[in-house]
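Undergrad: I have a structure I would like to understand better, so I am pasting it below and will then ask my questions one at a time.
The values are calculated or read from the model by the stated rules, or taken from the named source; none is laboratory data. Since this is a predicted model, take the numbers as computed values, not measurements. Please note: Cβ atoms are built from the backbone with ideal geometry, for glycine as well, and neighbour counts cover all protein chains shown. Surface areas here come from the heavy atoms of the whole protein model, side chains and all, with no ligands, DNA or RNA. Shrake-Rupley method; radii C 1.70, N 1.55, O 1.52, S 1.80 Å.
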Amino acid sequence: MHPRPAPAREAPSWLLDEPYDEISLGTLKSGKEAEVFLIERRYASGSTVLLTHKRYRPRRPSAGELRELGFNKATLYRHDSTYRAGWFLSSRDRRAVAHKTDHGHDVIERMWPIREMTMLDLAWRSSASVPYPVERTDDGIVMEFIGDLDAAAPRLTQAHLSVGEIASAWDQLLVSLRALTSGGIVHADLSAYNLLWWRGRIVIIDLPQAVEFTTNADAPELLHRDLANVAGWFERRGLEVDVEAAFGELIGLAW
Ligand SMILES: Nc1ncnc2c1ncn2[C@@H]1O[C@H](COP(=O)(O)OP(=O)(O)O)[C@@H](O)[C@H]1O
Ligand SMILES: [Mg+2]
């Protein structure tokens, strides 16, 4: 149904193939579910690269804790089963997840890095503007660092864009959403917090809950919610955007 585009871009293979020393330059962001580190890899060849290591926390927030962290119950949270349609689990794991056993919780925890790497890789291959995926680790993923030694890229919410940049950011977002949708993916947690702004370029991050049109019946609805979410942010900054027109165009690309 979705012809997968040929790999448009590849992260440089020497990133994985050549020997390197790695040092941690500290925490970029400590969130409720994941902690994001800045790491530097020094390669034998002399190249040095800054990368991001996003590591999932091995813990299960309780409903009370989630509320404390500002989640309201009506919001679909990443742990909602909506996002799990399309996960390939054994029948034993599937049952454990359904019955919320300890093993089921472990299965879900283990799946987030796997999902994020898979979705980031799909997104990158469909030419969306995302950090390039480098590798999966036991508890997370390593990807391109958006920023430089002086600063990490700000989220769109903190980037102080000019009027012209706001219009450009929306246009760029639509370009990337066309790429994602043509590649069969919906981000499913799109917001101005999961968009970085770096040197005039918008970069989409945070894809573990992304779903595919082929395996998740809620994909169209999630796409509409994504669009409405980000459109709200742009509209509050004075840009006129047409969510329904954008949705109509994108859904046409998905099928
Ligand atoms: N590749 C990256 N380059 C630069 N900063 C990043 C990168 N990935 C994540 N971050 C920073 O870490 C924060 C949290 O990452 P995110 O993937 O959104 O995780 P979560 O929202 O689940 O905690 C982001 O808002 C951003 O500030
Ligand atoms: Mg995020």
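Undergrad: Which numbered condition trips up Phe71, out of (1) within 16 Å of ligand 2 (Cβ to nearest atom); (2) under 27 Å from Ser129 (Cα atoms); (3) modelled with pLDDT under 75?
TA: Looking at each condition in turn, Phe71 falls short on (2).
Undergrad: Now a separate question. Looking only at region 146-171, which residues are near ligand 1 (Cβ under 9 Å from one of its atoms), among the hydrophobic types (A, V, I, L, M, F, W, C) and either open to solvent by 20 Å² or more (accessible area, probe 1.4 Å) or touching an Asp or Glu at 6+ places or on another chain (Cβ under 7 Å) (or both)?
TA: Scanning region 146-171 gives a single hit, Ala152.
Undergrad: Ser13 passes all but one of (1) among the polar types (S, T, N, Q); (2) crowded, with 16+ Cβ neighbours inside 10 Å; (3) more than 9 Å from ligand 1 (Cβ to nearest atom); which number fails?
TA: With respect to (1) among the polar types (S, T, N, Q); (2) crowded, with 16+ Cβ neighbours inside 10 Å; (3) more than 9 Å from ligand 1 (Cβ to nearest atom), Ser13 is out only on (2).
Undergrad: Look at region 19-47 and say how many of its residues are polar (S, T, N, Q) and under 22 Å from Asn194 (Cβ atoms).
TA: Qualifying residue count, region 19-47: 2.
Undergrad: Scanning region 180-228 for residues that are small (Gly, Ala, Ser) and open to solvent by 20 Å² or more (accessible area, probe 1.4 Å), which turns out nearest to Ala128 (Cα to Cα)?
TA: Restricting to residues being small (Gly, Ala, Ser) and open to solvent by 20 Å² or more (accessible area, probe 1.4 Å), the top hit is Ser182.
Undergrad: From the residues in region 186-243 that are of a type in the set (Phe, Trp, Tyr) and in a helix (DSSP H, G or I), which one is farthest from ligand 2 (Cβ to nearest atom)?
TA: Phe234
Undergrad: Return the only residue of Gly140, Gly104 being in contact with a strand residue (DSSP E or B) (Cβ under 6 Å, 6 or more places away or on another chain) and open to solvent by less than 50 Å² (accessible area, probe 1.4 Å).
TA: When all the criteria are applied, what remains is Gly140.
Undergrad: How many residues does region 124-137 contain that are assigned to a loop (DSSP other than H, G, I, E, B) and either open to solvent by 10 Å² or more (accessible area, probe 1.4 Å) or touching a Ser or Thr at 6+ places or on another chain (Cβ under 6 Å) (or both)?
TA: Residues that pass the stated criteria total 6.
Undergrad: Being within 16 Å of ligand 1 (Cβ to nearest atom) and either of a type in the set (A, V, I, L, M, F, W, C) or touching a Ser or Thr at 6+ places or on another chain (Cβ under 8 Å) (or both) is the filter here, so list the residues in region 186-199 that pass it.
TA: Scanning region 186-199 gives Ala188, Leu190, Ala192, Tyr193, Leu195, Leu196, Trp197, Trp198.
Undergrad: For region 117-128, enumerate the residues that are more than 16 Å from ligand 2 (Cβ to nearest atom), out of contact with any Gly (no Cβ under 9 Å at 6 or more places or on another chain) and touching a residue at least 60 places away in the same chain (Cβ under 8 Å).
TA: The one that is more than 16 Å from ligand 2 (Cβ to nearest atom), out of contact with any Gly (no Cβ under 9 Å at 6 or more places or on another chain) and touching a residue at least 60 places away in the same chain (Cβ under 8 Å): Trp124.
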